[in-house]
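Got a structure here, written out as C-alpha cells. Questions coming.
Every number here is computed from the coordinates shown, using simple stated rules; none is lab data. Quick caveat, the model's predicted, so the values are computed rather than measured. Note: ideal-geometry Cβ built from the backbone for every residue, glycine included; neighbour counts use all protein chains shown.
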Amino acid sequence: MKINMSMKELRDVMERECFPVRLPTLSKWEYTTSFDEYFEKLSPREKIDFSFSYSVRVLEDRWLDGEEFILQDLHYIFTYALYVIKGRWAEGEKVLSESGQYCYQYANKVIKGRWPEAEPSIINLPWDALRYARDIIGGRWVEAEQSILRDHWASYRYAETILKGRWPKAEPMFLNKAIIACNYAKHVLKGRWIVAEERISKSEYWDRYCEDFNVPVEERVKA
C-alpha cells in the first residue's frame, strides 16, 4: 500500500480531517515507520473505519486497497458509492441487496430509480418499503403492502401519502391506537370516523378530535 506522505503527516491529516468518524486508537501511530506496519496493527474493525476515513476524508478518491474493508460496513458502502465513486458500485450492490439496509437510500441517491435486484429485501423493511414506493416508484407498491401493514405508523403514512384515501386493510390496526385514529380521520378520511370514536373518547386525544370536527357538545360525553 503506497502512501505519498510521512507517517507523521498522515497522522496529522487523519486526526484533523476524520473527526467525528471513528478512528483507530491513536497510540497505534507510535513506533511505526511505514503505512503497512501501521495498518497491520489495526483490529479488523479499525481497518474498516480507517479505510473509509482515509478514502473519503484524505484522498477524496477511491482507495482500491481499502475497498475490501469498506465492503464490510453497510453505511460505508452507501456513502462511498455516493460521495467517492459518485455512481453505482457493483461490488457494494451485492452486499447491500442481500441485507436490505441502505437499499432504499442507494436506489434514491445513487441509482435515482428502481433497483429490482434489491426489491425483495426492501419489501421486508416497512418504512423503507414506504419510502421506496413514495420516492422511487411514485405510487402504490402492492407487493410491499403486506409488509408495510406490520407497522402502525408506516401503514398510516402509506394511506396518507401513497393511497391518499382509505385503506380498509389497515383500519382494524388504526382502531387500536387513538392517536393514529385521530390523524387518519383528519388527514385521510377528512371527516369524523364514527367507528373509532369510542376508542378515541377514552384517550387523551378526544378533546382534540372534538375540536377538529366540531363534535356537538351533547356527544362529547362518552360512556
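Determine whether ARG131 is of a type in the set (D, E, K, R) and either part of a helix (DSSP H, G or I) or touching a residue at least 60 places away in the same chain (Cβ under 8 Å) (or both).
So ARG131 passes the test.
Next question. Among the residues of the range 126-157, count how many are in contact with a Cys (Cβ under 8 Å, 6 or more places away or on another chain) and among the hydrophobic types (A, V, I, L, M, F, W, C).
Total meeting the criteria: 0.
Name the pairs whose Cβ atoms lie under 9 Å apart, with the first residue in the range 51-79 and within 15 Å of PHE39 (Cα to Cα), the second among the acidic types (Asp, Glu) and outside any helix (DSSP H, G or I), and 6 or more positions between them or separate chains?
Here the result reads PHE52/ASP73; SER55/ASP61, each pair linking the range 51-79 to a residue that is among the acidic types (Asp, Glu) and outside any helix (DSSP H, G or I).
Just wondering, is there one or more residues in the range 130-153 that are touching a Gly at 6+ places or on another chain (Cβ under 8 Å) and under 30 Å from HIS187 (Cβ atoms)?
Taking every residue of the range 130-153 in turn, at least one turns out to be touching a Gly at 6+ places or on another chain (Cβ under 8 Å) and under 30 Å from HIS187 (Cβ atoms).
Can you tell which of TRP153, TRP167 is under 21 Å from GLY100 (Cα atoms), out of contact with any Lys or Arg (no Cβ under 8 Å at 6 or more places or on another chain) and aromatic (Phe, Trp, Tyr)?
TRP153
May I pose another question? How about the range 192-208: which of its residues are of a type outside the set (Ser, Thr, Tyr) and out of contact with any Phe, Trp or Tyr (no Cβ under 7 Å at 6 or more places or on another chain)?
Answer for the range 192-208, where residues must be of a type outside the set (Ser, Thr, Tyr) and out of contact with any Phe, Trp or Tyr (no Cβ under 7 Å at 6 or more places or on another chain): ILE194, VAL195, ALA196, GLU197, GLU198, ARG199, LYS202, GLU204, TRP206, ASP207, ARG208.
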